[in-house]
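The values are calculated or read from the model by the stated rules, or taken from the named source; none is laboratory data. The model shown is predicted, which means the values in this text are computed figures rather than measured ones. Note that each Cβ is placed from the backbone with ideal geometry, even for glycine, and that neighbours are counted across all protein chains shown.
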Amino acid sequence: MSWDDQRPPWGQKRPPGPEEVIANLLRKIKEAFEGGGGGRQGGEPGGGSRGGGARNFGRIGIIVAVFVLANLVYNSFYTIEPGEKGVLLRFGRYVKTAEPGLNFMIPVIDRVIKVDVETVRKQEFGFRTKVP
């Protein structure tokens, strides 16, 4: 064992620093877009390209599309609690009043404002006078 070797004697490395983590992440992303980086640069012998980058880009595109679609479906439903009413606005214009329960809206286009209709709000103005 050399005195210059700063690793512990049991062989475990220190955790990688933030620079190493970012460099590894960027390398993995680059390999994913280039088709895995099987060791050779360029393409197959004879001038043909493997086309792995386009295939991986297609996979990533499908994953992103599925994620966006799932997010839109999830945000399409909203719940109005008992004692509330929902005001459905489409492009900022009133469309309908939603009743308590599970309701549907078009995400990005519609907006729901929930209004508590059971609570009585009371505010006093002025001052009280003492009656002798």
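Couple of notes before you dig in:
- Leu72 vs. criteria modelled with pLDDT of 95 or more and surrounded by 10 or more Cβ atoms within 10 Å (Cβ to Cβ): no
- Scan of segment 87-132 for residues that are among the acidic types (Asp, Glu) and either in a loop (DSSP other than H, G, I, E, B) or exposed (fewer than 13 other Cβ atoms within 10 Å of the Cβ) (or both), ordered by number: Glu99, Asp116, Glu118, Glu124
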